[in-house]
2 protein chains.
Amino acid sequence: MHIYDLDTPALVIDLDVLERNIANMAAHCQDLGIALRVHTKTHKIPEIARMQLAAGSQGIVCQKVGEAEVMARAGIRDILIPYNILGPQKLRRLTALARMARNGGHSAITVAADSEETVRGLSAQAAADGATIRVLVEVDTGGGRCGVQTPEAARDLGRLVADLPGLELAGMMTFPSNPRAQPFFDCARDLWARDGLPCEVLSGGGTGLEAVSKELGFTEHRSGSYAYEGMTRIKTSADLTPERCATRVIVTVVSVPTPDRIIIDGGQKTFESYPPKPYGLVVEHPAARIQAMSVEHGHVDVSGCDHRFRVGEKLSVIPLHQGKVTNMHDEVAAARNGEVVCVWDVAGRGKVR
Amino acid sequence: MHIYDLDTPALVIDLDVLERNIANMAAHCQDLGIALRVHTKTHKIPEIARMQLAAGSQGIVCQKVGEAEVMARAGIRDILIPYNILGPQKLRRLTALARMARNGGHSAITVAADSEETVRGLSAQAAADGATIRVLVEVDTGGGRCGVQTPEAARDLGRLVADLPGLELAGMMTFPSNPRAQPFFDCARDLWARDGLPCEVLSGGGTGLEAVSKELGFTEHRSGSYAYEGMTRIKTSADLTPERCATRVIVTVVSVPTPDRIIIDGGQKTFESYPPKPYGLVVEHPAARIQAMSVEHGHVDVSGCDHRFRVGEKLSVIPLHQGKVTNMHDEVAAARNGEVVCVWDVAGRGKVR
């Protein structure tokens, strides 16, 4: 079936572009000499995670326990959840996951933590359930999100992790990788070395910041959005073109109320209501401007187009933020040269917990 | 189980507030003397639609065929889909729905149309499948979305609907109800009467615009968001208070990196990245300001709070736009006095087609 014959709105992945993006990032990290750990938030699909692992990624990242469960059930080991896991329900699921996903004799589940409360909760549950959880101390190097604020606080929390039962201290992580973090990490590493704390992993993140992580002396880098690429990244990266975007949303023109306005059947529930306009690029008619979205309608200004649009016509749109669009769709059609090859469940979609 | 004992993030509905909102709107429309047709986009839950029908709503609105299928399977009849339905897959599903949801001898499925292409597609499929689809001609009375632009165009399309097999002309609809549309409808009704076209239904829409529909001489009004109410409507409606919002998102404080910043475990994937800040109201601490959201983190400025927040603490947040938050969650906990009564599947969630 051709992608234009799909019922709309339909999220489509171009496999050639996806494979090229995966191969390019793998080569880029190999050239830099830094290990790649792919963030699966962009696609939430085990089949794509396996393609990334086959291309050389050393492991994956999931942002939620529920996403990690999906990936582990698909046979994937070595999962990092860079998040403070709290509360009895999630902690029980985490230790069950750690026991299931054991890699040989080793724990394959790593989490991040930035507080004593998080670390003590992890330890108590792991010890009670006979599991081992690997822990990275999260440090804030300018991102202003989670993370301890000083090298001394990182060392103190690392020491606590090393001392508590059920935990294995793996190292440190931050997001995003930031060149100004060099003094922080130099100091933190010194403090850890002085205490004899293990620091096998130093993990940075952010697609496009792989070289920064290498400069900082990190051991691995977490990249995610590179797999699909979206218009947001294109706007900020000179070397990115629409041809490098793997996702398209196929939509139908449902109304041509006036000659300069068409309405498409994708709105906020299809594209996510990401603020910057236009909300995506109409591939067939780049002069068409998606200038507003209600929940189920996309409002497109076509005053700049010579084309005479007709009701029922199909269009393909490159969305702005690929990861958020993914989370709106239960399934994705994977296509090559415009022909649908298979349909993947977005198995990790909607795992809010 | 108390709502604070739910794993987070968790979407919760307060049943007392929901029931009060449903009763109030039913009474409001009864006082006005206009029939209410509830839009289910806000909740996407058949159980709530049934509560609204029991309170006197004469039917429901779904925005997608997939949502209507969910409601029809739950036994609900008299469904309006105010959308141009196009394409063979959706048309086949629509006629199957019309045959299944027949109400006695009558078609219980009504759609909107604003073009000859839509109307001819509906007719061809309905005639082929032995179904009858009721059609409202959609008119644009200033909304700038779909809809024919002139009373004459409405009359011409009405005439076509009346002439084609498989269709039943029901009347006209618009969104939102607009006082300035009076001349348009006066003229359109005259033209229809002159042609002897049936106009059993004149349907307006928009929570808060019930009286406008009555003034315009409409027969029914479509309201949806009143069931939950959200902060967006509170900002624009003087008589709305947080106590009238039925939804809460229970979140956990996962990090207190600095004394003036806390991070909660609800971000764009939980709340939807609706642009206006703050992204919601923290009920327990109204001075806390949710000032940024990444995909899985909510960034809260607590510099204005005396309370000393701790990691692991639960908070409840009233989201901005209840309908979009609903679409991010597979299930909703229904609670009374803080105790969970039952958990509802958001059965109509994610039905993009």
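Quick rundown of the values:
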quantity	calculated
Single match in B:ASP5, B:ASP31 (criterion: among the charged types (D, E, K, R) and closer than 27 Å to B:GLY267 by Cα)	B:ASP5
When residues of the stretch B:337-353 are limited to those that are under 19 Å from B:CYS245 (Cα atoms) and outside any strand (DSSP E or B), the one farthest from the other protein chains (Cβ to nearest Cβ)	B:ASN337
Of all residues in the stretch A:68-98 being charged (D, E, K, R) and touching a helix residue (DSSP H, G or I) at 6+ places or on another chain (Cβ under 7 Å), the one that is nearest to A:GLY350 (Cα to Cα)	A:GLU69
Meets criteria (away from chain B (no Cβ under 14 Å) and either under 30 Å from B:ASP140 (Cα atoms) or at pLDDT below 95 (or both)) for A:TYR226	yes
Residue in the stretch A:318-337 that is free of Cβ contacts under 8 Å to residues at least 40 places away in the same chain and charged (D, E, K, R) present	yes
Qualifying residue in the stretch A:265-280 (condition: closer than 14 Å to B:CYS146 by Cα and in contact with a Gly (Cβ under 6 Å, 6 or more places away or on another chain))	yes
Any hit, the stretch B:147-170, residues being surrounded by fewer than 23 Cβ atoms within 10 Å (Cβ to Cβ), within 12 Å of chain A (Cβ to nearest Cβ) and assigned to a loop (DSSP other than H, G, I, E, B)	yes
Subset of the stretch B:246-268 [touching a helix residue (DSSP H, G or I) at 6+ places or on another chain (Cβ under 8 Å) and among the basic types (Lys, Arg)]	B:ARG248
Members of the stretch A:317-336 found to be more than 11 Å from chain B (Cβ to nearest Cβ) and surrounded by fewer than 21 Cβ atoms within 10 Å (Cβ to Cβ), listed by number	A:ALA333, A:ALA334, A:ARG336
Breaking point among (1) under 27 Å from A:MET25 (Cα atoms); (2) touching a residue at least 60 places away in the same chain (Cβ under 8 Å); (3) touching a Leu at 6+ places or on another chain (Cβ under 9 Å); (4) not acidic (Asp, Glu), for A:LYS314	(1)
Whichever residue in the stretch B:258-307 is outside any strand (DSSP E or B), of a type in the set (Ser, Thr, Tyr) and within 11 Å of chain A (Cβ to nearest Cβ) and, among such residues, is farthest from A:SER294 (Cα to Cα)	B:SER294
Residue within the stretch A:247-267 that is at pLDDT below 90, within 28 Å of B:THR40 (Cα to Cα), crowded, with 20+ Cβ neighbours inside 10 Å and of a type outside the set (Val, Ile, Thr) present	no
Residue selected from the stretch B:77-111 under the condition within 22 Å of the chain's Cα centre (by Cα) and over 17 Å from A:VAL254 (Cβ atoms), by the criterion modelled with the lowest pLDDT	B:ALA101
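The values are calculated or read from the model by the stated rules, or taken from the named source; none is laboratory data. Given the structure is predicted, the values throughout are model-derived calculations rather than measurements. When we count neighbours, we look across all protein chains shown, and the Cβ atoms used for this are built from the backbone with ideal geometry, even at glycine.
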